[in-house]
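So the structure is just underneath, and the comments pick up after that.
Rule-based calculations on the coordinates, nothing more; no lab input. Note that the structure is a prediction, hence the values are computed from the model and not measured. Glycine gets a Cβ as well: all are built from the backbone with ideal geometry, and neighbour counts include every protein chain shown.
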Amino acid sequence: MEKIKITDKVLLLGKSDFLVDVAKGVFHTNHGTIKLSSLVGKKFGVNIKSSKGESFSVLRPNINDFLEKRLARLPQIVSLKDCSLIAGYTGLSSGYRVIEAGTGSAFLTTFMANLVKPDGKIFTYELRTDFFNAAKKNIDDSGLSQWVDAKNRDISKGFREKDADIVVLDMIGAEKIVSKAHKALKSGGFLVVYSPYIEQVKSVCNKIEMENFLDVRTTECLVRDYKITRDFSRPNTTMLSHTGYITFARKI
């Protein structure tokens, strides 16, 4: 099993979960102090105890751990359930070229970058400088920056890239960009529009009808977990319900 290095990030799983840099040396929690430097040279999967005697399993984090526990959020993100739906419906995979507008906190950006590596690329556009700067920090922290070309630029002026496999629009006024997205897509490529309101869905679909797209569908993803015990099983009383509408269309 791979050994832990000083440059690694580790996932600490216990009564609480933390994703931390080993290089930090010491990590302070309400469960006590954890001496991260003692992990160097040990194998992932080892247990470590805090100064208060709390035990944590030390694991190598994956992209979902980073997104949910580490990524700094400014604007509303595209949730993990919606990211997964986008990847599943479009077939997003290694080698894909994806254009995204806007970047936001780079949640979807880094999720997609992890899937398109090692031969693909994410070209992402963000108009707001504060969002762009925060997104750049998140992308760099994820270790995926070589698969992301981030631009602080107004997408209404058009895309510089062509022959994209997917164009994702997560922005106000997305309907105004549908025609530009069509030109940037390769034949058979997917347009994906993430909309917070059904009124924007209608505007987007009206524009899609004017272009050469097929297989148009709008969907949303609702996730409900279940409580399973020895005595009974039932749905949890709370669920992750509506977050946004996702419209898919394929260029012909």
Item to check | For the chain, share of DSSP beta bridges that run antiparallel, in % to the nearest 5 | outcome: 65
Item to check | For region 163-178, Karplus couplings with θ = phi - 60° (6.51, -1.76, 1.60), whole Hz, Gly/Pro x | outcome: 6, 7, 6, 9, 10, 10, 10, 10, 7, 5, x, 4, 4, 6, 9, 4
Item to check | Tilt relative to the chain, helix 198-208 - C-alpha long axis, 0 to 90 degrees, to 10 | outcome: 50
Checklist entry - What shape does region 102-144 take by its C-alpha gyration tensor, where a ≥ b ≥ c are the square roots of the eigenvalues and a/c under 1.5 counts as rounded, a/b above b/c as prolate, and the rest as oblate? => result prolate
Next on the checklist: Tell me the net charge near Asp141. Cut-off is 15 Å between Cβ atoms, Asp141 excluded, with +1 for each Lys or Arg and -1 for each Asp or Glu.
Outcome noted: +2
Checklist entry - With Cβ to Cβ distances under 12 Å as the rule, what net charge do the other residues near Arg224 carry (K, R +1; D, E -1)? => result +2
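Would you work out the charge dipole size for region 9-61 about its Cα centre, treating the Cβ of every Lys and Arg as +1 and the Cβ of every Asp and Glu as -1, and quote it to the nearest 20 debye? Don't skip to the answer; put the middle values down first.
Numbers: 9 positive and 3 negative charges, 29 e Å.
So the dipole magnitude of region 9-61 works out to roughly 140 debye.
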Next on the checklist: Can you compute the modelled spin-label distance between Ser233 and Leu214, with each label point 7 Å from Cα toward Cβ, in nm?
Outcome noted: 4.1
Checklist entry - Using the beta-carbon distance between Glu199 and Val26 and R0 = 41 Å, what value does 1/(1 + (r/R0)^6) give for FRET efficiency, to the nearest 0.05? => result 0.20
Checklist entry - For region 121-190 and region 1-65, what is the separation of their Cα centres, given in Å? => result 35
Item to check | Overall form of region 9-61 per C-alpha gyration tensor (a/c, 1.5; a/b vs b/c) | outcome: rounded
Item to check | Unit charges on C-beta of K, R, D, E only; dipole of the chain, Debye | outcome: 620
Checklist entry - Does region 79-224 come out rounded, prolate or oblate, given a ≥ b ≥ c as the square roots of the eigenvalues of its C-alpha gyration tensor, rounded meaning a/c under 1.5 and, failing that, prolate meaning a/b above b/c? => result rounded
Next on the checklist: Name the residue from Ser195, Ser37, Val22 whose Cα lies farthest towards the positive end of the charge dipole of the chain, charges +1 on Cβ of Lys and Arg and -1 on Cβ of Asp and Glu.
Outcome noted: Ser37
Checklist entry - (1) 33; (2) 37; (3) 48: which one is percent of Cα pairs over 26 Å apart as calculated from this entry? => result (3)
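For a protection proxy built on the mean count of beta-carbon atoms within 10 angstrom, sort 141-149, 120-128, 197-205 highest first, please.
Ranked from most to least packed, the peptides come out as 120-128, 141-149, 197-205.
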Checklist entry - Counting each DSSP H run of 4 or more residues in the chain as -39500 (n - 2.57), what helix-only mean residue ellipticity at 222 nm follows after dividing by all residues, to the nearest 500 deg cm²/dmol? => result -7000 deg cm²/dmol
